[in-house]
């Protein structure tokens, strides 16, 4: 069998560690017979990091050009089809998928986290696109329920990032142990008051545990200012880690005792590396992950306003909490690799 050409479409090249991790996972899982071309917000950086062909995702002319030479089109994982962030997002991705289907490309929706879909228009658009796909795989039960309701066949398996190969982080092991990682992101539910409460709780927690706090922005444009704000209040050992390589981002959690995370993929990476996790949910996908893995945590909207209570609960989890067992992690990794088998069978 000769080489085939696949366009990979996602929120790539935009500086989001979770979406970059999905791209790295997809490239890791693609059959060797497939030559990928990635639609990216930063084509040069994506080409340099992964050694792949790229195209500017905003250039309609170039996208049309590469579609003429491609055999397949892959929605590359994550929450691409949702209308909470903006209506423009599902229209953009659905428009490209619809165009690929009209041009006769084999179209695949891979490792999708569908929704929330609040508007009837975006629900209709999504249903049309998914029903026209050659194959669909999803990463969670909520997405599976949507497709089942639409009577669209699908494969369900854990998020592919569970199976992403990790890399060691230079300098991490030079920092004092034990270490605790914190990953917060900008969001309306993380009000200045709640951030102040969490920061004070973290200060108290560090004093009680003498841990080194690692502040981990997953998207610098949204998360770095929060990390810097927290860092300015910490009195003990700490460091901000801005990592561009998602494999290093995952590898960071191998040297960490506990992770406190808002970001969906920060919790997956931490749990996959055998780290205790405490979740702060701003989104249904995080709440669903908490339920599936039985992770302790709070919905941010219901966060206690007592910093001392928060630090005491973190301390209890730090001392007595358990990470996922090796058997649980291996099961999740093995099942996540079903997305790889799905690609091989569908492409």
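Each part gets one Cα centre, and for segment 164-217 versus segment 38-71 those centres are 35 Å apart.
For segment 4-156, count all C-alpha to C-alpha pairs, find those more than 23 Å apart, and express that count as a whole percent of the total. Tail of the P(r) past 23 Å holds 30 percent of the pairs.
Output the direction-averaged projected area (hull surface divided by four) of the convex hull of the alpha-carbon atoms of the chain, in nm².
Values: hull surface 67.6 nm².
Averaged projected area of the chain's Cα convex hull equals 16.9 nm².
Seen against the Cα atoms of the chain and their longest principal axis, helix 220-231 is set at about 10 degrees. Report summary: the helix-based calculation at 222 nm, which adds -39500 (n - 2.57) for every DSSP H run with n ≥ 4 and divides by the residues of the chain, gives -14000 deg cm²/dmol. Legend: Rg and Dmax of segment 163-220, from Cα coordinates, 14.0, 38 Å. Each of 327, 248 has some number of other Cβ atoms within 10 Å of its Cβ, and from fewest to most they run 327, 248.
Against the chain, whose longest principal axis is taken from its Cα atoms, helix 326-336 shows a tilt of about 20°. Protection proxy ranking of 28-40, 304-316, 108-120, 260-272, by the mean of other Cβ atoms within 10 Å over each peptide's residues and highest first, is 260-272, 108-120, 28-40, 304-316. Which of rounded, prolate, oblate describes segment 189-258, given a ≥ b ≥ c as roots of the alpha-carbon gyration tensor eigenvalues and a/c under 1.5 marking rounded, otherwise prolate only if a/b is larger than b/c? Oblate shape, in that a/c is at least 1.5 and b/c is the bigger or equal ratio. As a rough footprinting exposure proxy, the listed residues 258, 121 were ranked by other beta carbons within 10 Å of their own, and the order from fewest upward is 121, 258. For the chain, the longest principal axis of the C-alpha atoms and the axis of helix 120-131 are separated by about 60°. Scoring 287-294, 221-228 by mean Cβ neighbours within 10 Å over their residues and listing the highest first yields 221-228, 287-294.
Over all pairs of different C-alpha atoms, segment 172-330 has a mean inverse distance whose reciprocal, the Kirkwood radius, equals 15.4 Å.
Laboratory data are not the source of any read-out in this text; all were calculated from the coordinates shown. On a predicted model such as this, the values are computed, not experimentally measured, just so you know. Note that each Cβ is placed from the backbone with ideal geometry, even for glycine, and that neighbours are counted across all protein chains shown.
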